[in-house]
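Chemist: Would you mind keeping the following structure in view while I ask a few things?
What follows draws every value from the coordinates through simple rules; no lab data is involved. Being a predicted model, the structure only gives us computed values, none of them experimental. With ideal geometry, Cβ positions are generated from the backbone for all residues, glycine too; neighbour counts draw on all protein chains shown.
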Number of protein chains: 2
Amino acid sequence: MAEHEIRKIAIVGVGLLGGSAALAAKAHNPRVKVAGVGRRQVSLDAALAAGAIDSAHFDAAEAVRDADLVILATPVGAFKNHLEAMTPALPAEAIVTDVGSTKAGVVRTGQRILGRGGQFVGSHPMAGSEFKGVAYSRADLFAGATCIVTPTTDTPEDLVGRVERFWQTLGMRTVRMTPTAHDRAIGRVSHLPHALASLLMLLPSTADLGVSATGFRDATRLAGGDPEMWRDIFLTNRVAVLGAIEKFSHSLVELRDLIDRGDADGIEALLTKAKTRRDSTIARLLQDRRISAE
Amino acid sequence: MAEHEIRKIAIVGVGLLGGSAALAAKAHNPRVKVAGVGRRQVSLDAALAAGAIDSAHFDAAEAVRDADLVILATPVGAFKNHLEAMTPALPAEAIVTDVGSTKAGVVRTGQRILGRGGQFVGSHPMAGSEFKGVAYSRADLFAGATCIVTPTTDTPEDLVGRVERFWQTLGMRTVRMTPTAHDRAIGRVSHLPHALASLLMLLPSTADLGVSATGFRDATRLAGGDPEMWRDIFLTNRVAVLGAIEKFSHSLVELRDLIDRGDADGIEALLTKAKTRRDSTIARLLQDRRISAE
């Protein structure tokens, strides 16, 4: 047996991400056993039926016994209770990570409960879809996508490496950032776009929607996300999201003024700058690798 | 020959839309001749090489002789000069339409130059892509998409019907709106989303962009549009765009306040409203028919 081979994984929250992590880990190593934790029998039954988990539990403490790796995959707001519940039963050698979209608060909570130099290493695998639930789980959901791993200066290097290698075996590219840098970056490239998509979806009248095209469909795609999950994201990444909204509002006022003044050159310069930036970054970046929603 | 059969079309501006209209009209009726008007020899040569046009002209007056249908397909800002140039040579039976994304100003200009009860009928075929130029033209670009036709109370009914039938022969579904209703609706479902996409593209740092995912890619797709065309759209639909920005800014302030106050229920209610609306409209609408960008 290789050192630190993962034989048992406990996954707390068997939805799209938890279920997909389970299926991907089993696809990589069929001997891996997965203990799933859920709130509702129907979700746990669905996860068992999908072959994602081998045992079903309501109690995280029960599931983490003998686990090498614990993955928190519920909405971020529920992490604290699960961490507190599992602590007494958690093996000393187990690593705990998560799939949450915000990191500063999560890592703070993880280190407070499990110790500063302890077993918690934050992760943000950037994969998903607007669909929710274990029924949409796929073993290849993470393949080709990016996972941001967010150690602090207190996190032991070997634990960070083990978490990175876990996501890499699922086909992900890993990137390290501090929790704060992660939250600021993701506030700008993910959370703000989600907020704008939801507001945009509410603006037109029903008649207006009848003449909407693929531009509107794509611009509002993120509004199809799970409201409960996104509520938690906005609340746990409050500072960075408010900062991004503030910055965006300023730029919206600037564009408004350009249009109001009829400043043709100013408008064209702004649009050209945005197009050039997109053509030379996003459009190119995303040719090289598949990166999923989130 | 059927009454009002279209034998010759003059297309002013042989880019993506003009070229595609030419190819689609020829696919529907191979006997149709198309005269193309352009500013640059290289564009006209490309349109000839693509088989989109049969004759190439720098002068609109030259191209519209004997035409049954004239389609303005340059950026909207150039319509006035072309209309003035072609008027002396325009056959009395010819209909003039356009493919512009704004309608109140265009229809006003068209009726001022060609007469209030005259030959101008505004159209907005909602098809396109972020690619520009006749090289991307396709005979099926319009198939399955929506064309908004914008008569005024002065526009003769038979001319409106003939324009609608033309777009229908290209595979489009047609919808009638007044020019003002069109501009307000499209300001909300197309022009505002475009403005937001461009501003969103300029917000993150280069490092932030390195961890962007498909959510950001989709949310900024519209920022890849042609800056010159979109500058004209914002300027010609100034009032409706400013109104949409104003309304959007208010809703952004509301969301900002909900997040600032940590109002979990308020945030979830807003996100749920947006998701429900999207799931029951856009997601469903766009299953039924293919609608292209813009």
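Chemist: In whole Å, what is the distance between the alpha-carbon centres of the range A:5-48 and the range A:231-272?
Modeler: Taking the Cα centre of each part, the range A:5-48 and the range A:231-272 sit 41 Å apart.
Chemist: In whole percent, what relative contact order does the range B:8-177 give with Cα contacts below 8 Å and a gap of six or more residues? Write out the running numbers ahead of the final one.
Modeler: Working: 380 pairs, mean separation 41.2, N = 170.
For the range B:8-177, the relative contact order is 24 percent.
Chemist: May I ask you to give the average projected area over all directions of the convex hull of the Cα atoms of the range A:227-277, in nm² rounded to one decimal?
Modeler: Working: hull surface 19.1 nm².
Projected area, direction-averaged: 4.8 nm².
Chemist: Before anything else, pin down the relative contact order of the range A:182-288: Cα pairs under 8 Å, at least 6 apart, normalised by residue count, whole percent.
Modeler: On the way: 37 pairs, mean separation 33.8, N = 107.
After rounding, I find 32 percent.
Chemist: For A:Ser280, B:Ser55, B:Ser43, A:Ser123, what ranking results if the residue with the fewest other Cβ atoms within 10 Å of its Cβ goes first?
Modeler: Details: A:Ser280 11, B:Ser55 15, B:Ser43 20, A:Ser123 23.
Ranking A:Ser280, B:Ser55, B:Ser43, A:Ser123 by Cβ neighbours within 10 Å, fewest first, gives A:Ser280, B:Ser55, B:Ser43, A:Ser123.
Chemist: Sorted by packing (mean other beta-carbon atoms within 10 Å per residue), highest first, where do B:187-197, B:44-54 land?
Modeler: B:187-197, B:44-54
Chemist: Let me ask something additional. Determine which lysines satisfy two conditions relative to B:Lys80: a Cα distance under 17 Å, and not lying fewer than 8 residues away in the same chain.
Modeler: B:Lys103
Chemist: Then there is this: Mind pulling up the Rg/Rh value for the range B:182-288? Radius of gyration and Kirkwood radius, both on Cα.
Modeler: 0.99
Chemist: In addition: Sticking to Cα atoms, compute the Rg of chain B to one decimal and its Dmax as the biggest Cα-Cα distance, whole number, in Å.
Modeler: Cα radius of gyration and Dmax of chain B are 20.8, 71 Å respectively.
Chemist: Next question, about the same structure. In whole percent, what relative contact order does chain B give with Cα contacts below 8 Å and a gap of six or more residues? Present the calculation step by step, with values, prior to reporting the outcome.
Modeler: On the way: 499 pairs, mean separation 52.2, N = 294.
Relative contact order here is 18 percent.
Chemist: Let me ask another. How big, in percent, is the set of alpha carbon pairs in the protein assembly as shown lying more than 45 Å apart?
Modeler: Cα-Cα pairs in the protein assembly as shown separated by more than 45 Å: 28 percent.
Chemist: Given 4 °C and 1.567 mPa s, how large is the Stokes-Einstein diffusion coefficient of the range A:45-162 in µm²/s, with Rh as the Kirkwood radius over Cα pairs?
Modeler: This corresponds to a translational diffusion coefficient of 86 µm²/s.
Chemist: So, by mean Cβ neighbours within 10 angstrom, what's the order for A:255-263, B:131-139 with the highest one leading?
Modeler: Numbers: A:255-263: 15.8, B:131-139: 17.8.
Peptide ranking by packing, descending: B:131-139, A:255-263.
Chemist: So for the pair B:Glu62, A:Gln41, with labels modelled 7 Å out along Cα→Cβ, what separation do we get in nm?
Modeler: For B:Glu62 paired with A:Gln41, the spin-label model returns 8.3 nm.
Chemist: What full-extension length gain, to one decimal in nm, is calculated for B:Arg138 and B:Glu93 as 0.36 nm per residue of separation minus the Cα-Cα distance?
Modeler: 13.3 nm
Chemist: Cα to Cα, under 22 Å, and not fewer than 8 places away if on the same chain: which lysines meet these conditions relative to A:Lys33?
Modeler: Cross-link targets: A:Lys8.
Chemist: Take each of the peptides B:65-77, B:96-108, average the number of other beta-carbon atoms within 10 Å over its residues, and list them starting from the highest.
Modeler: Details: B:65-77: 22.2, B:96-108: 25.7.
Result, highest mean first: B:96-108, B:65-77.
Chemist: Less than 25 Å apart at the alpha-carbon level, and either on another chain or at least 8 residues along: which lysines does that give for A:Lys273?
Modeler: Within the straight-line limit of under 25 Å, A:Lys273 reaches these lysines: A:Lys247, B:Lys132.
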